[in-house]
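Structure first, commentary second.
The values are calculated or read from the model by the stated rules, or taken from the named source; none is laboratory data. Note that this is a predicted model, so its numbers are computed, not measured. As a convention, Cβ positions derive from the backbone with ideal geometry for all residues, glycine included, and neighbour counts pool all protein chains shown. Note: areas computed on protein heavy atoms with side chains; ligands, DNA, RNA excluded. Shrake-Rupley method; radii C 1.70, N 1.55, O 1.52, S 1.80 Å.
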Amino acid sequence: DTMKIGISQNNVGVDSYQTTYEKAFISAADANADVETVVLDAGGDVARQIAQIEDLIQQEVDAIIIWPTNGEAVIPAVRKASKAGIPVIVTNSNIAEQGFDFVKSFSGPDNITQGARSAEIMCDKFKDMGIADKAKIVQISGQPGYTTAIERAQGFEERLPEVCPNVTLVETQPGDWNREKSQKVMEAFLVKYDDIDGVYAGDDNMGVGALNAAKASGRDGIIFVGATNFSVGYEAMERGEYWGSIYQSPVDDAEAALQTAVDVLAGKEVPFLNYFDTPKITQDNMSNYSKPVF
Amino acid sequence: MEPGTLSTFLKRGAIWGFIVFELIFFSLAGEFLSFSDKAFMDLDNMLLLFKQSAPIGIIAVGMTIIMINGNIDLSVGATYALSAIVLLDSMTWPMFAGMGNAVIPIAWGLALLTGVVLGALNGLIVWKTGVDAFIVTLGAMLGYRGLVFMYNGEQPTSHLNWTLVDFAEAQFLGLHTATWFLVAVTAAVWFLMNKTVHGRNAYAIGDNRAAATNAGIRVGPHMLINFMIIGFLASLSAVAFYSESGSVNPNDGELYELWVITAVVLGGTKLTGGAGSVLSTLGGVLAIQLLRKGLGHIGADTETVNLAIGIILIAVLLLDRQLNIKGKEELRV
Amino acid sequence: MSELTQEKIGLKSRRREQPVGRFSNLKLGEILARQGILIAFALFLIGFTIANDRFLAPDNIMGVVRSSAILGVMALGVTFVVLSGNLDLSVGSMMSFSTIVVLDLHDKIGPVLAIPAMFAMTMCLGALIGFLVGYLRLNSLIVTLGMLSAIHGLTLTYSGGKNMDIADKEGTWFSVFGQSDLVGIPVPILIFALLASTLGILLAKTPYGRKVYAVGGNGLAATFSGINRSRVVFTCYVLSSFCVATAGLLQASRSLGSQNTVGQGLELEVLAAVILGGASLMGGSGTIFKTVIGVLILGFIQNGLLLVGLQFYAQYIVTWIIIILAVWLDIAAKRGKLWSPIA
Amino acid sequence: MSTQKPALRLEGILKTFPGVRALDNVSFSVIPGEVHALMGENGAGKSTLMKVLGGLYQPDDGQIIIDEQPVVMTSPLQAKSKGIVFIHQELSLAEELTVAENIYLGELPHKSFGRVDWKKLHAQTDSILQRLKVGFNAKTRVGELSIANQQMVEIARALTVEAKAVIFDEPTASLTDAEKVVLFDVITDLKSHGVGIIYISHRMEEIFKITDRISVLRDGQYRGTLNTAETTDDEITQLMIGRKLDLSRNASHHEVGDVALEVRELSCGALFKNIDFEVRRGEVVGFYGLVGAGRTEIAETLFGLREPTAGQIYLDGAEVTIHSPADAIAKGISLVPEDRKGQGLVLGMNCRDNMTLPQVEGLKFGPFVAETDEVAIFDKYKERLDIRTPGWKQTVGNLSGGNQQKIVIAKWLSMHPSILIVDEPTRGIDVGSKSEIHNLIRELASQGYAVIVISSEMPEVLHVSDRIIAMYSGEIMRTFTSDEVTEDNLIQAISGITSNRAA
Ligand SMILES: Nc1ncnc2c1ncn2[C@@H]1O[C@H](COP(=O)(O)OP(=O)(O)OP(=O)(O)O)[C@@H](O)[C@H]1O
Ligand SMILES: Nc1ncnc2c1ncn2[C@@H]1O[C@H](COP(=O)(O)OP(=O)(O)OP(=O)(O)O)[C@@H](O)[C@H]1O
Ligand SMILES: [Mg+2]
Ligand SMILES: [Mg+2]
């Protein structure tokens, strides 16, 4: 008997991470003859996601994977699924603790750790350069309101003073996961601040946008660090223009989620929190990693 | 022909025809493409359809009034989010501590008040400055969203009250709480627009503003009231939805205005005002929701969903055009 | 004969000369009043200059204009569509499409062929919309909203959802459109200026422009005047898609790589710029010059607020207030009264 | 009569618009129970004065006095509450609403909770409609009515309230004779109830038929008041335009040339059937008939706006198919449409651009519009038709009704068409300009143009036409030459009484 697994993703069109995730999920499911899936996209809208969960319950799937648009708002919907006897697996970003009773497992990266590691990359580089006592940095965060954006900023902001207490974060503005928006934001930063030693971006897309702005205005010597490595970022690192990022693979992410669901349905024990590793990648060690596909 | 009767209803019938088409199509396609054993036209699924249509539907009913009146409101999504924040946050305010579940009606009241105030602000600006409602509410879409973010930064605002969730998840006579909200709102607004002086005046203002002014109708207060109504309905929609989900992201409700307007226009309401019907709007809302649901049912992926929704919106217009095609004798303009 | 209160017959034939004398010439103040939006613009510039002394630095101004160029180029086309009495909500999604396509083709067939191919594909989409709205007379809001969604789907299908990047970013001359300078002025600004003046002249000075105004002002009267209304609307959309393709080119060339969502949400910003410039959504009124002002106001607001360094949500709120104030000032100057005459 | 206390008075009213002094120290009063005509050329300020009285415009100076009390009239609502009813020159109706709702617009009868009292509304409306003897009922949607019937809906508003004064601003411009009779009955009735009536019209015969006094405006200034019973056409005209009018038909007999337009067995669905006629160069053919007779539809078909279901059209002997107005224009046909606001003008555009719109493609200097040529055309016709506007830059929507009509006429005359069709060309045009337009039509004919005049005004058709085609219910009943036509046989023909059909 095949396993029917439904997934409600957050917002597929919005960036290539999510799109690649979707593709990887579908091909992983295709590769497994015992699995049938229905893949839904909430388009970033909580209401639509809840409706999708209700629909999946109504269609009597065997398991539901959810990439929450809002870690709390989906709890009642998840409770419904669990009441209907359908196991729920959370992927990529977790739901709030109140909902833990209704889900079987979480699998995904740890965004806070990613932010923290970015802070470490940045700090180490400053120490190498000998400017760790006076460096000034700016942050370009992801789209306001997204858990991922919040957690990556939070992890960075908490970790930085621990490792490099004298580096100042002078300003944060959102770049909305958008290279173009980020470039505009960076242009304004460059006009406003004469000294910028580093830029931390919520992902490499925005980081490269900021890099483009700096290049266009001829400002050299700025250290760029992102919180998720994209292929544009990887290429910029190859060119020596971009310092580092965090290696996170949507393929791993998708496969882990599907595997967890399959394991749960097969009755295996799975750990409740199932983080996969997201290592640091910099110009120094990048040869150990292949270029991201997205 | 009295306004709002069955004949007007059927004349704008393209949308209902389309709904029937969707039902048949997805039922048949579902047989082949869906892995679910449940039929698409399963009763529970249809009840869910109504429930899921409620958040957009309640706002769309309000938008119908605004558009009949000759205005537009792009700020409804932000109003929706801000009211949701007030709803959830007010339950935790120290001044209401120890009230138990008695805080629920208070929170509802405050949320609805928020909507009415935001609506009134739009209405007053439109009235007193004479700036086009499109600009005023486009600005408010940003401004109100700014208030949303100001309230709690980028963090979601949450308060899960299980009593409230249970109430919102309840079904009475088979219909979910949110469906009852939608039904009540539709009925009330239908009555308002077709049976009351205010409603008929709103039609007149949208149809021919100069004529209404000449006839001594006070355009400003009517617009103000209608903006207050849509503000109220945007927050009512938030009340219906967030009572159940208990947490609001600061960017919730984004793009709602576009979907709401689409539903209203699909229902046959004119962008220029003066004509339209609440019942047809309901048809527009159901058609869109059915489309999303159906595409999910047959397992279409993101690209396909986007393509299909786009093409189908245009197809509905084409269908409507075919139904209302002019006779040969008509003026070729 | 009845009681005659005033002079009766001694009126001779002053008929010809008198009416002319009765009309005084339009006063300078009234002409100025028609440009209320310029006054509003000036006020904001002054305000931001006081708030941040770098605001008026030549580099900053150049930077703002350069990054407004992409939005601006799109707004030029949308001005035509709005003037003809229609809407275009598909421009953002169409711009993403052009950007992705030209980047993809750049590596496959080379920039020389990629650019015309992308223009052709984009303008086909424009022609499709033009056909639906112009010839079939479908509601432009729904058609373009539908196209917003459909083109997004198309782009995702085309790119497989992936970011699109040029492989050899250093070696291509393709970057000239977005990144290089000519006589000290960034090329995007030059392209924007060139397009704005060409389209401005097309609109203000040619028979075609006159027809656009007529169709938007009163489609029936335009038909009765022998104007082919369908064709005018059709060409407006094709023109709009040409502008979108240009914007896509600038965008692609500026960043040499792009996301599928690069233009997402721009449709409302573009429309806001056009309306802020004073074009009426009902059609028939507005000018290219005013649209350019609208674009610049939006660009300078965004930049000024970033320079002032307000929290992003405060920026939202200030933008709200500024937009309404700008339009209010504009129309108040026109009607000569601050408060509206709405009863 | 003058000893009676006026129901209302306007004193020293001054009103200016940018570049225009529309009213200059105008005083005016109405006595209860009188019909007081307000006359003047197009753009003299009649409508503006009434809009001041109706609360639509605030005067720059001057006073409104009602019942000996000065009133600051700030809104139509207030005017209404003072018993002033305003029947507008331009239709002011909400087309999507019903007749009843339109008649009681702004004062729908209601029950508790603001519910409309439909029963009462429809009963009241029906009784008013009965008084007006119209063929539609309270529940008809206004958009479905003909222009004439829409005008009757406007008029019905006068009967809804206890009015102190009723303003009729050119109510008959689009009414037929039968409806006019009803209107005059209504006026007589109101008058007998002591209502003061202000009546604006350019039609002398109406003025003499129903008014008691006549006040004249000229160029925004008050020129005097006459007792209708004691005055003459000439006196009024003289006061209005400062000279005598020459109403004789000039350039009447000239050479009639070849057939320019020939129509055979032309039909378009139920709108008109088997239409046969021809128009020669140098000839003016009048089309006369009742509303709905199908004249406008024939004109629209000849102009490429409708597709005929049968029949042929020949231009200069060659059969043609006319696909669109552009095609018609290219073939030398022009049409002055009957609805100036809907079909004739782009109201938000300036005067010059409106006037040259159909030929803008031909007025080129390189790729650009030759604006100096345009201004020259504008100036020429402004002079010729005496169009009152501060300049070509004025927005057409700000012109007075009559001057708007003149722009429409100029728009098509300036095309120098070989076949000119004019549909109700002088609707709302003052006597002076009217005769100027008639002269122009005759003159064009004498220059070899073929002209078709569609008009519902018998004197106009009789005055300008060489031949008159009488239509009834979509068919041609008879064709008259100018020698054989009389008012009587023309009326017979258009009522479908005669069976004496001529091809
Ligand atoms: N809103 C306006 N803006 C500018 N000018 C106006 C406006 N309304 C009227 N006018 C001008 O005021 C003058 C008087 O116009 P009004 O409409 O009162 O004339 P009228 O006597 O009613 O003419 P008609 O017989 O053609 O209806 C005209 O020159 C007209 O152009
Ligand atoms: N009795 C009627 N009921 C409904 N519609 C009518 C009626 N009479 C005319 N119409 C329509 O109203 C429009 C304008 O009416 P109008 O008074 O000009 O009649 P018309 O057909 O143009 O008459 P004519 O051809 O004699 O000028 C026309 O398009 C006509 O089809
Ligand atoms: Mg008038
Ligand atoms: Mg007619």
Sort out which residues of the range A:199-213 are outside any loop (DSSP other than H, G, I, E, B), farther than 15 Å from C:Leu256 by Cα and either charged (D, E, K, R) or more than 15 Å from the chain's Cα centre (by Cα) (or both), and write them in order of number.
-> A:Val199
Residues (in contact with a helix residue (DSSP H, G or I) (Cβ under 8 Å, 6 or more places away or on another chain) and basic (Lys, Arg)) located in the range D:435-468 = D:Arg442
Wholly enclosed helices (runs of 4 or more DSSP H) of the range D:325-442 bearing at least 3 residues more than 9 Å from every other protein chain (Cβ to nearest Cβ) and away from ligand 4 (no atom under 16 Å from the Cβ) | D:351-356, D:371-385, D:401-413
Within the range A:246-267, is there a residue that is touching a Leu at 6+ places or on another chain (Cβ under 9 Å), part of a loop (DSSP other than H, G, I, E, B) and aromatic (Phe, Trp, Tyr)?
-> no
If you check D:Gln78 against the conditions, is it more than 16 Å from ligand 3 (Cβ to nearest atom) and either at pLDDT below 90 or among the hydroxyl-bearing types (Ser, Thr, Tyr) (or both)?
-> yes
Kindly indicate whether C:Trp328 is touching a Ser or Thr at 6+ places or on another chain (Cβ under 9 Å), free of Cβ contacts under 8 Å to residues at least 24 places away in the same chain and in a loop (DSSP other than H, G, I, E, B).
-> no
For residues in the range D:312-324 being in contact (Cβ under 8 Å) with a residue 24 or more places away in the chain and open to solvent by less than 30 Å² (accessible area, probe 1.4 Å), which is nearest to ligand 4 (Cβ to nearest atom)?
-> D:Ile313
Considering only residues of the range B:268-321 that are part of a loop (DSSP other than H, G, I, E, B) and of a type in the set (D, E, K, R), which is nearest to the other protein chains (Cβ to nearest Cβ)?
-> B:Asp301
The condition from (1) in contact with an Asp or Glu (Cβ under 9 Å, 6 or more places away or on another chain); (2) more than 14 Å from chain C (Cβ to nearest Cβ) that B:Asn122 misses is numbered (2)
On the given criteria, is C:Ile275 free of Cβ contacts under 8 Å to residues at least 12 places away in the same chain, open to solvent by 10 Å² or more (accessible area, probe 1.4 Å) and not hydroxyl-bearing (Ser, Thr, Tyr)?
-> no
Got a number for residues in the range C:304-317 being over 15 Å from A:Thr172 (Cα atoms) and at the interface with another protein chain (Cβ under 7 Å from one of its Cβ atoms)?
-> 2
Look at the range D:278-321 and say how many of its residues are over 24 Å from D:Leu440 (Cβ atoms), assigned to a loop (DSSP other than H, G, I, E, B) and either away from ligand 2 (no atom under 13 Å from the Cβ) or over 28 Å from the mean Cα position of the chain (by Cα) (or both).
-> 6
The helices (runs of 4 or more DSSP H) lying entirely within the range B:173-264 that contain at least 1 residues which are at pLDDT below 90 are B:209-214, B:219-245
Selected residue [free of Cβ contacts under 8 Å to residues at least 40 places away in the same chain and within 14 Å of chain B (Cβ to nearest Cβ)] from C:Ile151, C:Ile201, C:Ile227 = C:Ile227
Among the candidates C:Ala51, C:Ala69, residue that is open to solvent by less than 10 Å² (accessible area, probe 1.4 Å) and away from every other protein chain (no Cβ under 11 Å) | C:Ala69
What pairs can you find where one residue is in the range A:275-289 and of a type outside the set (Ser, Thr, Tyr), the other is open to solvent by 60 Å² or more (accessible area, probe 1.4 Å), and their Cβ atoms are less than 6 Å apart, with a gap of 6+ or different chains?
-> A:Phe276/A:Asp252; A:Lys280/A:Arg117
If only one of A:Val185, A:Val191 is surrounded by fewer than 23 Cβ atoms within 10 Å (Cβ to Cβ), part of a helix (DSSP H, G or I) and either of a type in the set (A, V, I, L, M, F, W, C) or at the interface with another protein chain (Cβ under 7 Å from one of its Cβ atoms) (or both), which one is it?
-> A:Val191
Which pairs have Cβ atoms under 7 Å, sit 6 or more apart or on different chains, and link a residue in the range D:123-150 that is closer than 27 Å to D:Asp339 by Cα to one that is of a type in the set (Gly, Ala, Ser) and surrounded by fewer than 19 Cβ atoms within 10 Å (Cβ to Cβ)?
-> D:Ser146/D:Gly292
Flag if A:Gly267 is crowded, with 24+ Cβ neighbours inside 10 Å and either at pLDDT 90 or above or within 22 Å of A:Ser107 (Cβ to Cβ) (or both) | no
Of the residues that make up the range C:318-330, is at least one more than 8 Å from every other protein chain (Cβ to nearest Cβ) and under 24 Å from C:Thr99 (Cα atoms)?
-> no
Subset of the range D:200-212 that is surrounded by fewer than 23 Cβ atoms within 10 Å (Cβ to Cβ) and away from ligand 3 (no atom under 16 Å from the Cβ) - its residue that is nearest to the other protein chains (Cβ to nearest Cβ) = D:Asp212
Pairs under 7 Å by beta carbon, first residue within 14 Å of chain A (Cβ to nearest Cβ) in the range C:177-197, partner open to solvent by 50 Å² or more (accessible area, probe 1.4 Å) and part of a helix (DSSP H, G or I), six or more apart or different chains?
-> C:Gln179/A:Ala216; C:Pro186/C:Met62; C:Val187/C:Val176
Among what's in the range D:75-90 and is within 17 Å of D:Leu10 (Cβ to Cβ) and open to solvent by less than 20 Å² (accessible area, probe 1.4 Å), pick the residue that is farthest from ligand 4 (Cβ to nearest atom).
-> D:Gly83
Within the range B:150-172, residues open to solvent by 70 Å² or more (accessible area, probe 1.4 Å) and part of a helix (DSSP H, G or I) come out as B:Met150, B:Tyr151, B:Trp162, B:Asp166, B:Phe167
Out of D:Leu93, D:Leu53, report the one residue that is open to solvent by less than 20 Å² (accessible area, probe 1.4 Å), within 13 Å of ligand 1 (Cβ to nearest atom) and among the aliphatic types (A, V, I, L, M).
-> D:Leu53
